[in-house]
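The values are calculated or read from the model by the stated rules, or taken from the named source; none is laboratory data. Here the structure is a predicted model, which means the values were calculated and not measured. Don't worry about glycine lacking a Cβ; one is built from the backbone with ideal geometry, like all the others, and counts go over all protein chains shown. Protein only, heavy atoms only, side chains kept; ligands, DNA and RNA dropped before computing areas. Shrake-Rupley method; radii C 1.70, N 1.55, O 1.52, S 1.80 Å.
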Amino acid sequence: MKEVRRLTESSCQYSKDPCTRKVPIFASLSDEDLAKVSAMIKHRKYSKGQALILEEQPSDTLYIIQQGQVKLLKITPQGKDQILHILSTGEFFGELNIFNSDELSNFSAYALKSTEICMLTKDDMEQLIEQNPDIALKLLKTITKRLAHTENLAQSLATKDPEIRIAYMILELGHKYGKPGKEQIKVKLPLSREEMANYVGVTRETISRKFSKFEQMGVIEINGQREITIRDMQKLHEYID
């Protein structure tokens with residue numbers, strides 16, 4: 001098993017923009033409580049492509065993305081990467097291990113670009129939850145949303161039609177990373193063509209071919225490898241409905 005190499009480590013309290021202010025689960029805390037949480041947190045930087053945690057590794061840490069993007073993935077029985085989630089600034093992962101530290105991680109996490117991470121241990125989180133029970137409720141809401149996402153992803157992958165799977169992915173990326181214009185949505189894609197192929201279970205060539213087809217239909221406009229413009233959301237919804 002590969003070693004997860006960490007580049008730097010420091011206290012989060014010295015950051016100019018503490019991660020505690022970016023995370024919804026800490027939104028109800030006072031400035032004084034936020035300062036206490038910041039003092040508990042360790043801060044690390046990861047370079048693009050670097051592993052934060054590997055599948056089947058033990059972990060007792062909540063990872064908070066202060067800046068950057070992270071992909072969570074599993075290895076399929078065929079040995080391929082199956083991307084589960086794409087997470088950005090203010091989002092977190094590892095929450096299940098906070099409640100059950102005996103479990104091994106059921107996914108791997110990799111930085112999609114240079115990423116800064118804040119980390120809280122299981123002991124620190126238990127102390128915070130005891131003092132602020134509403135944090136547990138907000139954690140539960142996040143877990144519920146992720147389960148719903150995973151169910152939708154599984155339903156999408158179950159279809160044999162790659163166009164439906166790709167349409168679903170474009171809609172999802174548009175909702176999460178798109179910047180709405182008057183009638184169109186510009187999307188900076190967090191994934192490469194290869195990573196998008198892994199996400200929806202098709203080949204890289206299929207992604208390129210279907211993107212070109214959607215562009216010819218006037219559904220999207222391709223603006224290079226990492227940006228598209230969604231021109232017709234309704235047609236995309238028709239694919240998955």
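Where Rh is the Kirkwood radius over the Cα pairs of the stretch 19-148, the temperature 25 °C and the viscosity 0.890 mPa s, what D in µm²/s does Stokes-Einstein return?
163 µm²/s
Under the combined filter of DSSP loop state and at most 14 neighbouring Cβ atoms within 10 Å, the stretch 111-152 retains these trypsin sites (Lys or Arg not before Pro): Lys113. List the GluC sites (Glu not before Pro) within the stretch 65-127 that fall in a DSSP loop (any state other than H, G, I, E or B) and whose Cβ has at most 15 other Cβ atoms within 10 Å. Qualifying residues, ordered by number: Glu103. A Cβ-based charge dipole, computed about the Cα centre of the stretch 65-133 with Lys and Arg at +1 and Asp and Glu at -1, lands at about 520 debye. Using a cutoff of 8 angstrom between alpha carbon atoms and counting only pairs six or more residues apart, the relative contact order for the chain works out to 17 percent.
What net charge do the residues around Ile228 carry, taking every other residue with its C-beta under 10 Å from that of Ile228, with Lys and Arg at +1 and Asp and Glu at -1?
Numbers: positive: Lys186, Lys188, Arg226, Arg231; negative: Glu215, Glu221, Glu227.
In short, +1.
For trypsin sites (Lys or Arg not before Pro), the sites in the stretch 22-79 that DSSP calls loop and that have at most 15 other Cβ atoms within 10 Å are Lys48. With protein chains left intact and a 1.4 Å probe, residues in the chain average 54 Å² of accessible area per residue.
Please report the relative contact order for the stretch 19-148, taking Cα pairs under 8 Å with a sequence separation of at least 6, and give it as a percent rounded to a whole number. Over the stretch 19-148, the number comes to 34 percent. With unit charges on the beta carbon (Lys/Arg positive, Asp/Glu negative), name the residue among Gly174, Ser114, Phe214 whose Cα is farthest towards the positive pole of the charge dipole of the chain. Highest projection toward the positive end goes to Phe214. In the chain, the calculated helix contribution to ellipticity at 222 nm averages -12000 deg cm²/dmol per residue, counting -39,500 (n - 2.57) for every DSSP H run with n ≥ 4.
Projected onto their three principal axes, the Cα atoms of the stretch 159-238 cover extents of 33, 24, 21 Å, largest first.
Summing charges over neighbours of Phe26, with a neighbour being any other residue whose Cβ is under 12 Å away from its Cβ, gives +1 when K and R count +1 and D and E count -1.
Computed about the Cα centre, the dipole magnitude for the chain is approximately 1000 debye when only Lys and Arg (+1) and Asp and Glu (-1) carry charge, each at its Cβ.
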